[in-house]
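Asker: Questions regarding the structure given below will be posed in turn.
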Amino acid sequence: MLSREDRELFRDTFRKFLKNEVEPHYAQWEKDEIFPRELWHKLGQNGFLAVDVPEEYGGYGADFGLSA
């Protein structure tokens, strides 16, 4: 289970990621009806996917609130 500080750090980091990696391109991606594979890889590399996976399997063990 993540501490409150860890949850806040995760959320802040994810917000920055969205601002830098998604926001500048979002309108065009929506227009083109795409979700770039490169973005999917970046999400994974930065630890933003499957955060609710238990720690013993390499995840954060976060609850649904953080993974949603």
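Every number here is computed from the coordinates shown, using simple stated rules; none is lab data. The model shown is predicted, which means the values in this text are computed figures rather than measured ones. All Cβ positions, even for glycine, are placed from backbone atoms using ideal geometry, and neighbour counts span all protein chains on display.
Asker: Could you check the spin-label model distance between Phe48 and Val22? Points 7 Å from the Cα along Cα→Cβ, value in nm.
Answerer: In this crude label model, Phe48 to Val22 measures out at 0.5 nm.
Asker: Suppose the chain between Arg15 and Trp40 were pulled fully straight at 0.36 nm per residue; how much longer would it get relative to their current alpha carbon spacing?
Answerer: Here the segment from Arg15 to Trp40 would lengthen by 7.4 nm.
Asker: Also, quick follow-up: Quote the relative contact order of the range 4-67 in percent (integer), defining contacts as alpha-carbon pairs under 8 Å separated by 6+ residues.
Answerer: After rounding, I find 19 percent.
Asker: Take the Cα coordinates of the chain, assign each an equal point scatterer, and use the Debye formula without solvent to give log10 I(q)/I(0) at q = 0.11, 0.15, 0.17 Å⁻¹.
Answerer: These q points yield log10 I(q)/I(0) values of -0.31, -0.55, -0.68.
Asker: Relative to the Cα centre, what is the charge dipole magnitude of the chain, using +1 at the beta carbon of each Lys and Arg, -1 at the beta carbon of each Asp and Glu, and rounding to the nearest 20 debye?
Answerer: 200
Asker: Please determine, in degrees from 0 to 90 and to the nearest 10, the orientation of helix 4-17 with respect to the longest principal axis defined by the Cα atoms of the chain, where the helix direction is its Cα long axis.
Answerer: Compared with the principal axis, the helix lies near 10 degrees.
Asker: Also, I was wondering about something else. Could you please state, rounded to a whole Å, how far the C-alpha centre of the range 9-26 is from the C-alpha centre of the range 31-57?
Answerer: Each part reduced to its Cα centre gives a spacing of 12 Å.
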